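Only the coordinates and a few stated rules stand behind these numbers; no lab work does. As the structure is a prediction and not an experimental result, all values here were calculated from the model. Glycine also receives a Cβ, built like all others from the backbone with ideal geometry; neighbour counts cover every protein chain displayed.
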Amino acid sequence: MLSLGRAAERDVTLMDTESRKLMEAYARGVNKFIEQHQDSLPLEFSLLRYNPRPWQPSDALAISGYMYRTLTDTRERELNRTK
């Protein structure tokens, strides 16, 4: 279990004021986009009957952490290649 959500929430509280304001502005932009495009969100949203919750500054950090983790973890591929 990665616990990226909790780590991201913690990290937002540790940010300097300017960085936190930037992350909050980004979150407002994401939420505004979702609000303005409710009828044209990706197909998966309607198929799963998923209504996105409001975006939080910590969401961007959690996704960044997940992307870093999945895109840089090549250990398993390297072991398979060695076999």
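Just a few scattered comments:
- Distance between the 7 Å Cα→Cβ label points at Asn80 and Ala7: 2.3 nm.
- Cα centroid of region 33-52 to Cα centroid of region 14-30, whole Å: 24 Å
- Summing charges over all other residues whose Cβ lies under 15 Å from the Cβ of Ala25, with Lys and Arg as +1 and Asp and Glu as -1, gives 0.
- Separation of the Leu48 and Glu24 label points, Cα + 7 Å toward Cβ, nm: 2.9 nm
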